[in-house]
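Below is one structure; the comments refer to it alone.
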Amino acid sequence: MNINIKATKTTLTPAIKNFIHEKVEGLEKFIKPEDKIHVEIEVDKKHHKGLIYRAEINIKPHGYYAESFGEDFYAAMDTLIPKIKEQMVKTKGKKLSKERRLTRKKRT
């Protein structure tokens, strides 16, 4: 698993980097070793109220993408991972369903 982390308008601390790696490890059963994962974290310093921290994940070559906002990086990542995992589970379910239908047709 190849993870690239980009920090925009902020610094990437070792604690945040470790947190991101831990969260992405939970997606291991859906990701192949040759897949590339791009994670970007950003602070929007122009607006002072509301959710100003943004986290984004992009998994290539499958085209999975998710983005979330939070009050800090940890909150943004906590809402980001379920979004991307939902996409992966849905795609995996569709593939399995298709395989089962094809198998059923071959038996008949």
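Conditions tested, residue by residue: (1) crowded, with 16+ Cβ neighbours inside 10 Å; (2) free of Cβ contacts under 8 Å to residues at least 60 places away in the same chain; (3) not in a helix (DSSP H, G or I).
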{"position": "38", "(1), (2), (3)": "no, yes, yes"}
{"position": "46", "(1), (2), (3)": "no, yes, yes"}
{"position": "50", "(1), (2), (3)": "no, yes, yes"}
{"position": "58", "(1), (2), (3)": "yes, yes, yes"}
{"position": "69", "(1), (2), (3)": "yes, yes, yes"}
{"position": "77", "(1), (2), (3)": "yes, yes, no"}
{"position": "84", "(1), (2), (3)": "yes, yes, no"}
{"position": "91", "(1), (2), (3)": "no, yes, no"}
Would you point out the residue of region 11-30, among those that are in contact (Cβ under 8 Å) with a residue 40 or more places away in the chain and not in a helix (DSSP H, G or I), that is nearest to the chain's Cα centre (by Cα)?
27
Based on what the data block shows, is residue 21 loosely packed, with under 15 Cβ neighbours inside 10 Å and either closer than 30 Å to residue 93 by Cβ or hydroxyl-bearing (Ser, Thr, Tyr) (or both)?
yes
Any idea which of 84, 52, 41, 59 is within 23 Å of residue 9 (Cα to Cα), of a type in the set (A, V, I, L, M) and under 10 Å from the mean Cα position of the chain (by Cα)?
59
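Every number here is computed from the coordinates shown, using simple stated rules; none is lab data. Since the structure is predicted, the reported quantities are computational estimates derived from the model, not experimental observations. We place every Cβ from the backbone using ideal geometry, glycine too, and count neighbours over all the protein chains shown.
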